[in-house]
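Following: one structure in structure tokens, then a few remarks.
The values are calculated or read from the model by the stated rules, or taken from the named source; none is laboratory data. Worth saying up front: this structure is predicted, and the values here are computed from it rather than measured. Because the Cβ atoms are built from the backbone with ideal geometry, glycine has one as well, and the counts that use them run over all protein chains shown. Surface areas here come from the heavy atoms of the whole protein model, side chains and all, with no ligands, DNA or RNA. Shrake-Rupley method; radii C 1.70, N 1.55, O 1.52, S 1.80 Å.
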Amino acid sequence: MKARIIILGLISLFLLCGTGCEKMPTDTRNITLYNQPLSVIKHCIQGKWKVVYEKGGFIATRIRYWDDYYMEFTKNNRMIVSRDRVADYQNTKIRWHKECYCCSGGYNEYVYVAEFSDGSPPIVFDRIQNDTLIFTNLGADSPYYYLIKTK
């Protein structure tokens, strides 16, 4: 009887960990983010990033370069933006939820969206490509933003 209880306990523990413990990717230099579990997205975007440029949107060929624009995504679900030498230009809480998104492949998929308590446009984190974080705002004709990690 004791052996059955121990075996059932071990099986239950294994099943719980198998469904609740998500393995973090070892290489985050090139990863698609929009179809990942939330814990992986948070892990990959965490830290301070410099916004280098935005591309596309309503005018598909438009590129806008940025000089002094930084975004930090914290462990405690906050986004802190520094722009034009203003250190705390924006500091807002992130609320995560799933929403329908037309992905890079051209089909719709339910993905995690970062929504902000200050009313800023929601963000879909698309991917990290060659150490560059790429995201877009949720909505029609939104540009893609290209960020590089800073210290």
Practice task
Using only protein heavy atoms and a 1.4 Å probe, report how much of Lys98 is accessible, in Å² to the nearest 10.
Solution key: 110
Practice task
Quote the FRET efficiency, to the nearest 0.05, computed for Asn108 versus Val52 with a Förster distance R0 of 35 Å and r equal to the Cβ-Cβ distance.
Solution key: 0.75
Fill in the blank from the handout: Counting only protein heavy atoms and leaving out ligands, DNA and RNA, the solvent-accessible surface of Glu72 at a 1.4 Å probe, in Å² to the nearest 10, equals 70
Practice task
Please identify which residues in segment 37-56 have an amide N closer than 18 Å to a label point set 7 Å out from the Cα of Asn91, following the Cα→Cβ vector.
Solution key: 47-49
Fill in the blank from the handout: From highest to lowest solvent-accessible area (probe 1.4 Å; ligands, DNA and RNA excluded), Met24, Met71 read Met24, Met71
Fill in the blank from the handout: With DSSP loop assignment and no more than 11 other C-beta atoms within 10 Å, the chymotrypsin sites (Phe, Trp or Tyr not before Pro) in segment 42-151 are Phe58, Tyr107
Practice task
Using the Karplus curve 6.51 cos²θ - 1.76 cosθ + 1.60 with θ = phi - 60°, work out ³J(HN,Hα) for each residue of segment 29-39 in order, rounded to whole Hz, and write x for Gly and Pro.
Solution key: 6, 9, 8, 7, 9, 4, 9, 8, x, 4, 4
Practice task
List the residues whose amide H sits under 5 Å from the amide H of Asp126, counting only those 5 or more places along or on another chain, with H placed 1.01 Å from N in the peptide plane.
Solution key: Ile134, Phe135, Thr136
